[in-house]
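Worksheet: one structure, shown below.
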Amino acid sequence: MAISLLLVSCLVLATVPFFMRGLRFIFGAAFLASSGVFVLSLYTAIPLFFGASSFENGYWYLDTFAALMVLLIGFIQWTATITSIHYLGEEVRTGEITLPAVRRYFFFVGLFVCSMLLTIVSNNLGFMWIALEATTLTTTLLVAFYAHKGSLEAAWKYLILCSTGISLGLIGLFLTYYAASSSGLLHGLSAISWTNLLTVAPSLPPHLMQIAFVFILIGYGTKVGLVPMHAWLPDAHSRAPSPISGMLSGILLNAALFGILRFRVLVDGSLASSEWTSELFLVFGVLSCIIPAAFILIQADYKRLLAYSSIEHMGLIVFSAGLGTVGAVASVIHIVGHALLKSALFFSAGNILLRFKSTKFDRIGQVMRTLPYTGALFLTLILMLLAIPPSPLFGSELLLISQSVVLHPIFATIVLLALAIIFAGFIRLIIPFLFSPALVPPKSEVEVGEKWGWSHTAIAFHLILLVAFSVFLMTPMASPILERIITAIS
Amino acid sequence: MTPIAIAMTVFAGGMFFLAFLMSSRMRLGSLVTAFRVQSALLALLAIAAAFVTGEFQLFIVAGLIVLIKVWFIPSFLLRAARVSGASERLQSYARPATLSFVAACLAIVALVGARGLLPVGADYFVLAASFGIVLVGLLMLVSRKDMFGEGIGFFVMENGIFTFGLALTHGMPFLFEIGSFFDLLAFFILITVFTHRAQDENASVATDDLRTLTD
């Protein structure tokens, strides 16, 4: 019931702004509907962290890991809506976009959130696949939201690459269905029901499940942005409106990864070992750390810098997931930390873009002086992204490095090197960006100073949650909850 | 082999042959016609699978293939090209002869790959043909230099995956089939929106004009 209500509330978010006439009413309706989604996500997910058993029926399945993802989606879509109200309000005021475009924006945001939640709560792998493809289809027009040449290019690349990837994932799904039905274990819809497959996983043919997993990893991995299937990600994230970039990076990538982790449990069950999938995770994880490191070092665009950083962090999460139970703890902490950090960073980047009208480093300078609140928040978030305490990423990276040094020292060295390059790259680019004058003088005078607004409050919510999460991890309450989450993905 | 198994092999073989021809076709009209015929063969394949399994829902799936892939997508693709004033002549990175040669190599890869990966007996040729169609679809996706060519490449690849599903599972659960058709339709609508917009912005649907975002 709660899950159905949650999904319906997303459709309300999609449709209600359409019936509103003035901009204030559209924003008001979007805010209320989005708040409804957030409250319902709390109501649906919170009990699972405090002892409630997993919810399961033919269509929905919600365990502690899915509940964590629902919470992240619920919270980030809420702060993204608050940020969007500020962002779109400014763009309507300057004539960049029109009222129908704002309605269209919230329509696709609602559908996007709905399809992400469907991906997470589906008990059926077939419906999960449909929902994951729907996340691409609902966000493509958001990536192409502006009538800029680059937007069309980014959206086209996004549509073709992600749809092709997800279609290849369908082959994995067919093979899984065949594995379950040909051996007489399951039939019809139940042959792609996750909970049913889980019960028969040890009897599934390992050879078929391995081939299926390769297709799933390549297919869904395209959506996660794993190297070498990542080509769409920097373009789409840099061209979409900033609140959308925040949602793409913060929650969509995790939703796709969720699909891979669900499949992994089945394959591990079939092989009676997690060694084979762990090796694949380690290879894709390492690749996804080193390639972005090179691009971060030479980056000229701050939204692309954040996008490449997302690839790197998804790589770290996948790498951790290949390091056994300790690695799984690190990956869960990293999923939460990165989702909250990166979305907030894209929201801050949106404020900078609104003021400077450029995403190029050389055209922007003295952000700290021009936008003191945004600058301070941006700097704090960047430092936390670089895993400086009290960032939760400090804990996750410490765990993953210490574990990988023991298990795979060569991979650990490569990842450490990549992290060092990325740290240097970020500091090299961000310090002048915040404190030094722009290399290329702006075409028009840039207004100095800003008032604290709702977008700052939304970003501050992220920061408070991040610190609270770090503190929570140090309390005795953390280990039983983390244990429940890890059990759900192993 | 039973007559139905022979018919399925012939339909799948025909689909691969059409994919092979499409890999080097450079006119939108002939490409769309070939896709239409290929989709009709896919519908026949679904009907044959329905006879094998006795599943009535596969007839509905065949009907949906005819409705969406034989009629709707080809007709509206041509209409979108006409309305936006896009050129009938399509572009590619390689010469037609080179593309045909690569497609022939991919056929060999598919035959060997199907044997190595999935030794499941009677449907081997259908599986090999489906692999071949997927690979040629991917070839079209990477070799074409215009939105229509890439879009049709995607649809060819999707036909290959559908053929693979039919050969392997003799039809997935009906609700899932309906959902995947819905996604396909949404994908097609987005393709037409973007080709129209590209024609408006660049007076061309060439993807060469979409190469500004680099590092």
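Some notes on this structure:
- Lysines whose Cα lies under 20 Å from that of A:LYS303, excluding same-chain neighbours fewer than 8 positions away: A:LYS149, A:LYS157, A:LYS223, A:LYS342, A:LYS357, A:LYS360
- Residues along region A:176-213 losing 20 Å² or more of accessible surface when the other protein chains are present rather than the chain by itself (probe 1.4 Å): A:TYR177, A:TYR178, A:LEU189, A:ILE192, A:HIS207, A:ILE211
- Residue-averaged [θ]222 nm for chain A, counting only DSSP H segments that reach four residues, each worth -39500 (n - 2.57): -26000 deg cm²/dmol
- Each residue of region A:220-235 was assigned a 3J(HN,Hα) from its phi angle through the Karplus curve 6.51 cos²θ - 1.76 cosθ + 1.60 (θ = phi - 60°); the sequence is 6, x, 4, 6, 6, x, 6, 5, x, 9, 9, 4, 6, 5, x, 5 Hz, with glycine and proline shown as x.
- Loop-located chymotrypsin sites (Phe, Trp or Tyr not before Pro) across region A:418-454 with a Cβ neighbour count of 13 or fewer within 10 Å are A:TRP452, with loop assigned by DSSP.
- Interface burial in region B:190-206, defined as at least 20 Å² less accessible area with all protein chains than with the chain alone at a 1.4 Å probe, covers B:LEU190, B:ILE191, B:PHE194, B:ARG197, B:GLU201, B:ASN202.
- Working note: Karplus 6.51/-1.76/1.60 with θ = phi - 60° gives region A:247-259 the couplings 6, 4, 6, x, 10, 5, 4, 5, 5, 5, 5, 4, x Hz, where Gly and Pro are set to x.
- Distances between placed amide hydrogens fall under 5 Å for A:TRP60 paired with A:ASN123, all partners being 5 or more residues away or on another chain.
- Accessible area that becomes buried as A packs against B, both chains, 1.4 Å probe, Å², nearest 100: 3900
- Accessible area per residue for the protein assembly as shown, computed on protein heavy atoms with a 1.4 Å probe, is 35 Å².
- Shape of region A:276-350, Cα gyration tensor, a/c cut at 1.5: oblate
- Highest mobility in the GNM of chain B, judged by mean-square fluctuation with C-alpha springs under 10 Å and restricted to B:ALA86, B:ALA48, B:ALA97, is found for B:ALA97.
- Extension gain (nm, one decimal) between B:ARG27 and B:PHE56, 0.36 nm per residue minus Cα-Cα: 6.6 nm
- Gain upon complete extension [A:GLU56, A:ALA468; 0.36 nm per residue less C-alpha separation]: 145.3 nm
- Accessible area of A:SER470 (1.4 Å probe, protein heavy atoms only, ligands and nucleic acids ignored): about 10 Å².
- Carbon plus sulfur fraction of accessible area for the protein assembly as shown, probe 1.4 Å, in percent: 70
- Residues considered: B:LEU139, B:LEU185, B:LEU58. Largest GNM mean-square fluctuation over chain B, using C-alpha springs under 10 Å, is found at B:LEU185.
- Rounded to the nearest 10 Å², the accessible area of A:LYS342 at probe 1.4 Å: 0
The values are calculated or read from the model by the stated rules, or taken from the named source; none is laboratory data. Everything numeric here is computed off the predicted structure, so don't read it as measured data. FYI the Cβ positions are ideal-geometry reconstructions off the backbone, even for glycines, and counts take in every protein chain you see. Remember, those area values only see protein heavy atoms, side chains included, never the ligands or the DNA or RNA. Shrake-Rupley method; radii C 1.70, N 1.55, O 1.52, S 1.80 Å.
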